[in-house]
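Each remark here refers to the structure printed beneath this line.
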Amino acid sequence: MRAFAVGCLMLAAPALQAGIYSAAEPSGMRAGPGGRLVELPYVPAFKSFLEERLNAANPATPDQVNGVNTFRGLLKQRVEVPPVGRLAVPQQVARAVDLIRVGRAADAVNLLEARTRDRDPDFVAVVTLAHAYAAKGDWGEAVRCHSLAVFDAQPPSQLPGVLPELTKRYVEIEKTYYPRWLHLRESESGQREGLSEQEVLPLFGPTTQNPSQTPVKWVNDAGQYEPGKFAAGERAKLPPDAVAVVQQLLLWSPDDTRLLWLLAELYSADGQLREADQVFDQCTWGRNFTNRRLLMDHRAIVRDLVAALPAETVDILPADLPVVDVGVADAKKWAELRPQILVGASILFVSAVCLIGLAIRSAARRK
């Protein structure tokens, strides 16, 4: 029953298209206290959105399912329309985002590289260029462009596709967590030795204000790994919206398994054991990280705890589904689908009534 209810809700709402800044892809993130991000529930919302982005560059991904465009199908429609005339900077950015998504990061770089030579660099354009270089695995150029955006460009008062009250937080992420992720990936690029001893990605801990602070250790007050029991001093190193920050970084870079492992540890520290278990599984069977000893140790501990949990209760309608705005095009699709759903429900209802009537009639005859 829950699956049917969730399916209806997913039909009613457009896919949340969090990503690099483009008006064609509203972020879908809600604002919490103090303008922080609110994390998306792992299932069904975040997991399905992550898979959409992960599969967008895969040529085997269908453009349509049951006559409805997939995420990749919508991207391809936009990308395959040839530009007319010279594109303005916002149009260049929007096209570059689509090119990155469908696996054409090199084309996105060619489109935006000239923006680094503008007298007043456009923040969104240069940040998007940094994302394009990162998607190519050219970490040095990604760091260069991102530094240009952070130090030489003025962030806009409104980022495309982002709620106005979240623009400040996204700029903070660009200035704090995204450059740290870039530097970590640059330092690890080409690493082939010692993967079995790899630690959790040290994204949180050192800050601009406190660069000497040690990275987060995923332990309890006794220094042991214990899901749901997180040392207060280590928790203090995390921002209140740490899960949502990592979710956003993953939606920008969906193939980064190091970030996915970090998300599993955050869920584990918060006591979200079922979510941690699922994400650990994604890291291992889905992404071949079974050669990381620490990840496998943590996964085994979480799995044992999940196995001991009582049976999960289910709601007909989850209360924590993200709130999204339905655009005109999506509202039109829903209007077209709604009669079909109502007709189907009516047929099921009439069939049930008929079956009950036949059963009553048969029972009466036996008497």
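For Asp297, the requirement of being over 29 Å from Gly35 (Cβ atoms) and either modelled with pLDDT under 95 or in contact with a Pro (Cβ under 7 Å, 6 or more places away or on another chain) (or both) is not met.
So that you can scan it fast, the table gives a plain yes or no per residue for (1) in contact with a Lys or Arg (Cβ under 8 Å, 6 or more places away or on another chain); (2) among the hydrophobic types (A, V, I, L, M, F, W, C); (3) at pLDDT below 95:
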| position | (1), (2), (3) |
| --- | --- |
| Ala23 | no, yes, yes |
| Pro59 | no, no, yes |
| Gly73 | no, no, no |
| Ala88 | no, yes, no |
| Ile100 | no, yes, no |
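Let's see how each residue does on (1) over 23 Å from Phe230 (Cα atoms); (2) in contact with a helix residue (DSSP H, G or I) (Cβ under 9 Å, 6 or more places away or on another chain); (3) of a type outside the set (Ser, Thr, Tyr):
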position	(1), (2), (3)
Ser253	yes, yes, no
Gln272	no, yes, yes
Asn288	yes, yes, yes
Asn291	yes, yes, yes
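Look through Gln158, Gln213, Gln191 and report the one residue that is in a loop (DSSP other than H, G, I, E, B), more than 18 Å from the chain's Cα centre (by Cα) and farther than 29 Å from Leu295 by Cα. Gln158 is the lone residue from the list that is in a loop (DSSP other than H, G, I, E, B), more than 18 Å from the chain's Cα centre (by Cα) and farther than 29 Å from Leu295 by Cα.
Evaluating Tyr225 against the criteria (1) under 25 Å from Leu148 (Cβ atoms); (2) in contact (Cβ under 8 Å) with a residue 24 or more places away in the chain; (3) hydroxyl-bearing (Ser, Thr, Tyr) leaves one unmet condition, (1).
Only residues that are over 20 Å from the mean Cα position of the chain (by Cα) and farther than 16 Å from Ala149 by Cα: list them for region 105-122, please. Within region 105-122, Ala106, Asp107, Ala108, Asn110, Leu111 meet the criteria. Just one of the listed residues (Gln209, Gln198, Gln191) is under 20 Å from Tyr170 (Cα atoms) and either polar (S, T, N, Q) or surrounded by fewer than 21 Cβ atoms within 10 Å (Cβ to Cβ) (or both), namely Gln209.
Yes or no, residue by residue, for (1) closer than 21 Å to Ile20 by Cα; (2) touching a His at 6+ places or on another chain (Cβ under 9 Å); (3) not in a loop (DSSP other than H, G, I, E, B):
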| residue | (1), (2), (3) |
| --- | --- |
| Val162 | yes, no, no |
| Ile173 | yes, no, yes |
| Phe230 | no, no, no |
| Pro240 | no, no, no |
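Restricting region 67-99 to residues that are outside any helix (DSSP H, G or I), within 24 Å of the chain's Cα centre (by Cα) and in contact (Cβ under 8 Å) with a residue 12 or more places away in the chain, the residue that is surrounded by the fewest Cβ atoms within 10 Å (Cβ to Cβ) is Val68.
Residue-wise test of (1) at pLDDT below 95; (2) crowded, with 16+ Cβ neighbours inside 10 Å.
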| site | (1), (2) |
| --- | --- |
| Gly7 | yes, no |
| Ala18 | yes, yes |
| Glu39 | no, yes |
| Phe49 | yes, yes |
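Quick one: in region 257-270, of everything that is touching a residue at least 24 places away in the same chain (Cβ under 8 Å) and among the hydrophobic types (A, V, I, L, M, F, W, C), which residue is nearest to Glu226 (Cα to Cα)? Of everything passing the filter in region 257-270, Ala269 is nearest to Glu226 (Cα to Cα). For Asp256, indicate whether it is among the charged types (D, E, K, R), under 18 Å from Tyr42 (Cβ atoms) and in contact with a strand residue (DSSP E or B) (Cβ under 8 Å, 6 or more places away or on another chain). No: the conditions fail for Asp256. Listed by first and then second residue, the pairs with beta-carbon distance under 7 Å, at least 6 apart or on different chains, first residue in region 31-44 and farther than 10 Å from Gln247 by Cα and assigned to a helix (DSSP H, G or I), second of a type outside the set (Ser, Thr, Tyr) and at pLDDT 95 or above, are Gly35/Glu165; Gly35/Leu166; Gly35/Lys168; Gly35/Arg169.
Being surrounded by fewer than 22 Cβ atoms within 10 Å (Cβ to Cβ) and within 29 Å of Asn55 (Cβ to Cβ) holds for only one residue in Pro254, Pro310, and it is Pro254.
The values are calculated or read from the model by the stated rules, or taken from the named source; none is laboratory data. Because the structure is a prediction, the values reported are computed rather than measured. Virtual Cβ from ideal backbone geometry, glycine too; neighbours counted across all protein chains shown.
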